[in-house]
Amino acid sequence: MKLDPKALRYLSKDDFRTLVAVEMGMKNHEFVPVSLICNIANLKFGGGKKAIQNLHKFKLLFHDARKYDGYKLTYLGYDFLALKTLVSRDVISYVGNQIGVGKESDIYVVANDNNEEFVLKLHRLGRTSFKTIKNNRDYLKHRKSASWLYLSRLSALKEYAYMKALYDNGFPVPQPIDYNRHCIVMSRVRGYPMTQIMELRHPSKVYSDLMNLIVRLASYGLIHGDFNEFNILINDEEELTLIDFPQMVSTSHLNAEMYFDRDVQCIRTYFEKRFNFIGEKYPKFSDAVKQYDLDVQVNASGFTREFEKDFETLNQEQNELDFSSDDDNNDSDSEDEEEVEGQEKEIVDEKEINNDQDKEQESSQEEDEDEEDEDQ
Ligand code: ADP
Ligand code: MG
């Protein structure tokens, strides 16, 4: 799916208001009935229905007339809500090229009005699991499933919170700029993923920088959990930047030692294979003693312990679903996904992460009232 920001221009204030109404309705409905959408959007003279048609035309809403009388957000619809918020906060003004597509994210270069470039990461958790959900429907019948909206939001919030705490403590990570819903805006790192590097001038220095980074993280009570050549960017001076934090684990986690060793081993194996460098010295978990605590700072960004627990449980459920599926076809054709997703009738059970969207709805209502006042 391509994120085409041009359609942003074709959408009116009423369209956005209606899009927010669908999002709000999705807290309690998988498919939000038209009457409820119109009710929440509260537009004059049947404006709601017209807006719904428009949003559907631009594929921001999904509708399956054969099965359900109602609409739900597509990934694109959700992207637009977040983009609109980030644009209205003057954080970004342009969306440029896509520079990365992972299993669980899409990465774009974006810019603000001053032509400063940033990176936008859209979290897409649950993207691969809808086909799996179809295959496991019996298994799912008696329980609620996590919605992709909620999972993706939690994942973005977690990444933002950790990136901020790490950045504030001088770790080599991108500078977090802002986040909304499932999106994060961060500074653009000039460098390449290490997987693209064929040769290093100073392999031994880079190796020990990486090991020191793992140890320093542990001294703050953290293990990256996915410390590999794809998540380490390196520039021409062979300076490193660490990215990708949604899977961070605490050093007090039950399996902390396994995660720690896995991160260390990942680098050793890669250095041997790619650079013919054998890392004889490497840290052990027992040497990496926790000295500082980042919990308070991570909590301060809104990623509380309660969310951490939710995220862990839901993620684990998703993974179990992924593993128990024999369908390895992970193509991301949105139509197809939506079709399959549409068969899943579970009701979304989500907690409020922040009340941005309520605020948006309120503020757009206030604007309308102002306009009405002017009309009189
Ligand atoms: P995923 O969770 O899908 O693995 P990552 O955060 O690892 O997503 O990003 C995927 C790719 O996007 C990276 O390998 C890198 O090439 C690029 N990328 C991500 N963040 C940045 C950034 N701040 N600056 C430059 N490139 C980035
Ligand atoms: Mg990654």
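One table, with the values for the structure above:
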quantity: From the options Glu229, Glu238, residue that is away from ligand 1 (no atom under 13 Å from the Cβ) and in a loop (DSSP other than H, G, I, E, B); calculated: Glu238
quantity: Within region 144-170, considering residues that are in a loop (DSSP other than H, G, I, E, B) and either closer than 23 Å to Thr74 by Cα or open to solvent by less than 10 Å² (accessible area, probe 1.4 Å) (or both), the one modelled with the highest pLDDT; calculated: Ser147
quantity: Qualifying residue in region 199-215 (condition: open to solvent by 40 Å² or more (accessible area, probe 1.4 Å), in a loop (DSSP other than H, G, I, E, B), more than 16 Å from ligand 1 (Cβ to nearest atom) and in contact with a helix residue (DSSP H, G or I) (Cβ under 9 Å, 6 or more places away or on another chain)); calculated: yes
quantity: Close pairs (6 angstrom Cβ cut-off, 6 or more residues apart or separate chains): more than 14 Å from Pro246 (Cβ to Cβ) in region 156-176, of a type in the set (Phe, Trp, Tyr) anywhere; calculated: Gln175/Tyr167
quantity: Residue in region 222-234 that is away from ligand 2 (no atom under 16 Å from the Cβ) and either open to solvent by 20 Å² or more (accessible area, probe 1.4 Å) or within 24 Å of Phe275 (Cβ to Cβ) (or both) present; calculated: no
quantity: Some residue of region 81-90 being open to solvent by 80 Å² or more (accessible area, probe 1.4 Å) and either of a type in the set (Phe, Trp, Tyr) or touching a strand residue (DSSP E or B) at 6+ places or on another chain (Cβ under 7 Å) (or both); calculated: yes
quantity: Residue that is touching a His at 6+ places or on another chain (Cβ under 9 Å) and polar (S, T, N, Q), where the choices are Ser152, Ser187; calculated: Ser152
quantity: Options Phe271, Phe285: the member that is open to solvent by less than 20 Å² (accessible area, probe 1.4 Å) and more than 15 Å from ligand 1 (Cβ to nearest atom); calculated: Phe271
quantity: Filter result for Tyr259 (modelled with pLDDT of 95 or more, among the hydroxyl-bearing types (Ser, Thr, Tyr) and in contact with a Lys or Arg (Cβ under 8 Å, 6 or more places away or on another chain)); calculated: no
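The values are calculated or read from the model by the stated rules, or taken from the named source; none is laboratory data. Not measured: the values here are computed from a predicted model. Note that we place each Cβ from the backbone using ideal geometry, even for glycine, and neighbour counts take in every protein chain shown. Heavy atoms of the whole protein, side chains included, go into the accessibility calculation; ligands, DNA and RNA do not. Shrake-Rupley method; radii C 1.70, N 1.55, O 1.52, S 1.80 Å.
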